[in-house]
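The values are calculated or read from the model by the stated rules, or taken from the named source; none is laboratory data. The structure displayed is predicted, hence computed values, not measured ones. Cβ coordinates were reconstructed from backbone atoms using ideal geometry, including for glycine residues, and neighbour counts include every protein chain displayed. Ligands, DNA and RNA are stripped out before the accessible areas are found, and what is left, the full protein with its side chains, is counted by its heavy atoms. Shrake-Rupley method; radii C 1.70, N 1.55, O 1.52, S 1.80 Å.
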Amino acid sequence: MADATESADTVAGGDAADKKSGVKPTAEQVPDGQSNGELTATSGRGKNTTMTEEEQENRRRKRLELNRKAAQESRRRKKLRIEELQRSVVYLTRENCELREQNELLRQMLTADVASENSALIDRFQAENAALRLALYESVQKLMKQNPGAADVAVSNALNGGAGNPNPNPIVNPNPNP
């Protein structure tokens, strides 16, 4: 197998100079004029072309220059993308911070509103409860006047929230003198 590759390199005109310049001869390349260095090669499109070493070197230089320019443009575009992403990070970080502050402020406002609303509701319910207790006491007093011997225990239980439900705030006679 090694003999086949050596013979292909020899037939194709491959020598140490070609290997150093980066030109890789193939089995299709045949020396066409050994004195002027022309080679017949099959191009990528399937056409046989005859090129001198100078033409090949010019093509190589042109290809390398185009590659260099493409790489430079690619690096420039990458740098622009990175800069844009960095600006986005800064902008989004600021916006996130502002939104967090706004969220915290709204939470505090909601908590304060709920607390003041709860306090107002508690006060209102306590006032309504006191008014209902007073109305109940007055109704019981009226009934007792109409039926003086009525069940004092039932009235006492009604005023105190029932026998099985001890009320921490029993109705106290607002009029200590009956």
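Here are the numbers:
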quantity: Qualifying residue in the stretch 148-167 (condition: among the charged types (D, E, K, R), open to solvent by 100 Å² or more (accessible area, probe 1.4 Å) and either part of a helix (DSSP H, G or I) or modelled with pLDDT under 90 (or both)); calculated: no
quantity: Which numbered condition G44 fails, given (1) of a type outside the set (A, V, I, L, M); (2) loosely packed, with under 10 Cβ neighbours inside 10 Å; (3) modelled with pLDDT of 90 or more; calculated: (3)
quantity: Total residues in the stretch 100-118, condition over 22 Å from the mean Cα position of the chain (by Cα) and of a type in the set (D, E, K, R); calculated: 3
